[in-house]
Structures are given as C-alpha cells and as structure tokens.
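Input: one structure, supplied below.
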Amino acid sequence: MGIIKALQSSTGALLTLLYPPHCVICSVSLEAREYLCEACKSDAKRIRPPYCKICSQPFDGAIESDFSCANCADRRFHFESAVTCYRSSGVVRDLVHRFKYNHEYYLRHLLSAWLKEGLEDPRIGSKPFDLIVPVPLHPSRERKRQFNQAYVLATMLSKQTGAPLSNCLKRIRKTPTQTRFDRAERMENLLNAFKMRKNMGVQGKQLVLIDDVFTTGSTVDECARVLKNAGAESIRVLAVARG
Ligand SMILES: [Zn+2]
Ligand SMILES: [Zn+2]
C-alpha cells in the first residue's frame, strides 16, 4: 500500500471513529458511510410514470400514452425537456433547503447522486451531450450563500460523466423570488437577467442545463433562450427535484 493510500485509509477510519455515520435526517446510527437510513431514504419520493414528457410533472391517475401537462400544453419552451427524478417534498425539499441556505455543503454528495439518476432517463441518456451548464446565481447572492448550488452539482456531474462543464452564463440582474408571480410577471421579471460570458462557444453544441429545483420552468427557459441565441443546438434540463 502506498503511503498516500495508507494515510487516506487511516484518515477514513479515524473519521468513522470520531464521527460515526448517522442519518442526516433522523440521526440514527448507520453501518456504512451513507447519508440516509432506509426509512428516510424511502421517504424521498421518486417520480414514476405517468408524468409529463416535457417537464416531468407527475400525473396522479392512469394514463398510458405520452402527454403534456397543463403547464406545458400551451407553451413552447426553449429546452427540449426537463428531467427530475424526485418530487420536491419531504426529505428531498428539506435537504435541498439545508444545502442551499444552511451551508451544509457535504449534502452535495447525496443531491448529486439523485441528480445523476436522471442520466438513465432516455430524454437525457438516449443522445450524447457536449457540455454541462449550471444556472448561474447573481454574484451578490452567491457571496451570501457562499456557493452556487447549481454550479456545485454541475461540477460533480461533470467529474462523474467526463462531460466538460461550461460556466458560460452569468446572471446580470438580481431578480426577486418568483414564487408569487404569475407567468407573465415571471417572464417580465427574468427579462435580461442572464447573459453569455465572453468567448464561451456553445455554437452547435448539445447542452445539459443544471438546476437544483425545477418549478415552473421560467428560469431555465430564459437561460435556454439565451443559450439558443448564442447558437446552441439543443438544451435539455436536469434538476434534482420537481417543485
Ligand atoms: Zn433516517
Ligand atoms: Zn409539463
């Protein structure tokens, strides 16, 4: 065993001794170095068919064919589809919130594993992509939060897949939170909020745009519009949770 390997493995053993693994939700002790116990893991609601083929909104009922939900039926997004594997409720919403607002940076491992499950969805996995692009935060918000959650998740996905990350978008306008706006107000709120950084070629590229939560799609759609205007061939969205 090399000295580095030996050090790493003894550091790991020491860490386990000092901080025995426990569930990040209910604190029960765990055998393996994991983040959730089986009970809390089963509380994360996986999105199962039927769901909207564009935005992954689950549909509570029996439906056999592909369908678009009411949110997507009369809209033309600038992205092809938005893939999320989990509903933003219960433990998922709680952990995304703790990651973003409570500086619990270590939760990136768990959240990026949930994000990565989306690669198996044929809407993402059936054709290759050239670049991974995170939704940017306004610099003042990023300073306050200490990191951009979408950038952190995109970096981890880039390492795992080998697809390069491009931080080609920047947020030039600080926008108030969208939750209380209707669709027209959201579009107005986002107008000119994003811009391409200089000399960041996306021409002819197939992109995967990363965010933590997908809710109405207005933010990622505005990002996709800017990327399309810069010559991107296609944009698919991948997010951890469906709000
Ligand atoms: Zn637990
Ligand atoms: Zn939809």
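Given the C-alpha centroids of region 41-73 and region 169-192, what is the distance between them in whole angstrom?
When both Cα centres are located, 26 Å separates them.
Need one number: the % of Cα-Cα pairs in the chain sitting beyond the 26 Å mark.
When all Cα pairs of the chain are counted, 43 percent exceed 26 Å.
Here is a further query. Multiply the residue separation of A39 and D182 by 0.36 nm, subtract the distance between their alpha-carbon atoms, and state the gained length in nm to one decimal.
Residue separation times 0.36 nm, minus the Cα-Cα distance, leaves 47.8 nm.
Roll a 1.4 angstrom probe over the protein heavy atoms and tell me the percent of accessible area of region 182-243 that is carbon or sulfur.
Carbon with sulfur: 45 percent of the solvent-accessible area.
Would you work out if region 71-180 is rounded, prolate or oblate? Take a ≥ b ≥ c from the square roots of the eigenvalues of the alpha-carbon gyration tensor; rounded if a/c is under 1.5, else prolate when a/b is larger than b/c, oblate otherwise.
rounded
Still on this structure: Reachable lysines from K195, Cα under 22 Å, same-chain residues fewer than 8 places away excluded?
K144, K170, K174, K205, K228
Which values, in whole Å and largest first, are the semi-axes of the equivalent ellipsoid of region 188-243 obtained as the square root of 5 times each eigenvalue of the Cα gyration tensor?
Sorted largest first and rounded, they come to 20, 14, 9 Å.
Hey, can you find the accessible area per residue of region 125-243 for me, probe 1.4 Å, expressed in square angstrom?
Solvent-accessible surface per residue comes out at 48 Å².
Pull out the extension gain between R143 and D60, defined as 0.36 nm times the separation in residues minus the alpha carbon to alpha carbon distance; nm, one decimal.
Computed gain between R143 and D60 is 25.9 nm.
The values are calculated or read from the model by the stated rules, or taken from the named source; none is laboratory data. Predicted, not measured: the structure shown is a model, and the values here were computed from it. What goes into the accessible areas is simple: the full protein's heavy atoms, side chains included, and nothing from ligands, DNA or RNA. Shrake-Rupley method; radii C 1.70, N 1.55, O 1.52, S 1.80 Å.
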